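Notes follow once the structure below has been shown.
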Amino acid sequence: MPTSLSTRRQHRSLNPAYSNRRQPQTVVDLPVGYTQQPAWTLPIPDGARVHSSQAATAIIDSKTITLYSNATGKEIRSVTGDEEIAVIDETSIDGKPGIVWLNADKTKLTAWIADESNAEGKLITADLPAGATVTRPSAEIIIKDSQTQVFRLTQEGIKQYQSPQGLSPWAFTDKGLVSLGYDVPSEVTDPAGQAVAAIDLVSPEAGYSMLQRISIGNDYAASIWAQNLNSVTDQSQVKLVIHSLSSGQPVEVIDGPLQSLEPTIDSTERSWVIGQGNDLATYGPYIFSLRTGKLQTVLPNGTTGLPAKGTFGLASAPNGATYIFQGTEAGYTLSNKIILAQSGSTLITQAGNRVVAYPATLS
């Protein structure tokens, strides 16, 4: 059973003071810290789409993906497959930032990472197991087949991991595969299924037990905790808890009724979404730091959280505007552009049919 803290923690209520902030009215050309002079620009062909990540910027045009350097905007390489590209995401491969994409019928995976010995980088291809699903619950993707076997993407291809008996495999960390159970410690295991570490999550308060997992990965776990689990209703007061995986201790606790904090099954209104760059995670109106586990921002009423870009939390409004938030500072919108990625000292945006990158201001 999860252990309990001996001292009572200071919890946030469901509606922190700054959750009543109004929808932003300020419009700016660029966030503070970036110069107005673009570092580079790229045209976007008609019908093409753009994906930017820590590793590179990709323009996807039907069956062809062309990769460009985030630092210079110069082409790295172009890859053409037999089918259109259906899904693309960023990932970590053996600790290196990478890009991964799937073909239209999701039977083949292709990934790219930078390679110091090759200007074109390293291309990795693999056939996916039958019925496989590919998700990104942490900094890197996890592959599961229809028989719940688990595979990890490495520079040599996909590598099978044995799942520990009685636990559900969830995510990869730098220490191995994290698998979850209820009323038992979570485990980190090696490829052979041997335990590397156990993670015992501490109760946020005496009398509270875990009711529901939300997510685990990027050194933090998110879950719902409640009293009297057999009698919990939608109106029951529960706690949304962010735990450190290294210590098992809660680092952030938010109180509220279950119906306002539990994950939504039939929509993405409340699902744990890791942002570009693995800096932030969005969950309903809450944006958490994946560096500290702390609550960074509560979005204004009437807005919908979007995947974060680097250290920028994003939300959409009913009028179509995209609002940008950094911590507790007042939000704002950008004039005639959207943020695609924050990569090192470069901010990559889309303005109409062009990708435009801006360098950080020299300190």
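Just so it is clear, none of the values below were taken in a lab; they were calculated from the coordinates. Since the structure is predicted, the reported quantities are computational estimates derived from the model, not experimental observations. Because the Cβ atoms are built from the backbone with ideal geometry, glycine has one as well, and the counts that use them run over all protein chains shown.
See the values below:
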| item | result |
| --- | --- |
| Burial order of peptide ranges 297-304, 217-224 (average beta-carbon count within 10 Å, highest first) | 217-224, 297-304 |
| Extension gain (nm, one decimal) between Leu362 and Asp190, 0.36 nm per residue minus Cα-Cα | 57.6 nm |
| The chain: relative contact order as a whole-number percent, Cα under 8 Å and 6+ apart | 17 |
| Prolate/oblate/rounded label for the chain (Cα gyration tensor, a/c 1.5) | oblate |
| Taking only Cα atoms of the stretch 71-187, radius of gyration then Dmax in Å | 15.5, 52 |
| Descending Cα extents along the principal axes, the stretch 11-137, whole Å | 51, 41, 32 |
| Normalised contact order of the stretch 30-101, rounded percent, pairs of Cα under 8 Å and 6 or more residues apart | 22 |
| Cα centroid of the stretch 283-310 to Cα centroid of the stretch 74-153, whole Å | 27 |
| Built amide H within the under 5 Å cut-off of Arg270, gap 5+ | Thr264 |
| Directionally averaged projected area (convex hull, Cα atoms, the stretch 292-345), nm² | 4.5 |
| Förster radius 45 Å - calculated FRET efficiency between Thr311 and Asp105, Cβ distance, rounded to 0.05 | 0.80 |
| Prolate/oblate/rounded call for the stretch 174-299, Cα gyration tensor, a/c under 1.5 rounded | oblate |
| Structure-based [θ]222 nm, the chain - -39500 (n - 2.57) summed over DSSP H runs of at least 4, per residue, nearest 500 | 0 deg cm²/dmol |
| Virtual spin-label span in nm between Ile338 and Arg77, 7 Å along Cα→Cβ | 2.9 |
| Glu205 long-range amide H proximity, modeled H, under 5 Å | Leu5 |
| In order through the stretch 342-358: 3J(HN,Hα) via Karplus (6.51 cos²θ - 1.76 cosθ + 1.60), integer Hz, x for Gly, Pro | 10, 10, x, 9, 10, 9, 9, 10, 10, 10, x, 9, 9, 8, 10, 10, 10 |
| Dipole magnitude of the stretch 244-363, debye to nearest 20 (Cβ charges: Lys/Arg +1, Asp/Glu -1, about Cα centre) | 460 |
| Label zone at Asp145, where the point sits 7 Å out along the Cα-to-Cβ direction: the stretch 93-122 residues whose backbone N lies under 16 Å | 107-109 |
| Peptides 88-95, 27-34, 328-335 ordered by average Cβ neighbours within 10 Å, highest first | 88-95, 328-335, 27-34 |
| Cα-centre dipole for the chain with unit charges at Cβ (Lys and Arg positive, Asp and Glu negative), debye to 20 | 800 |
| Mean Cα-pair separation over length for the stretch 157-199, i.e. relative contact order, pairs under 8 Å, 6 or more apart, % | 33 |
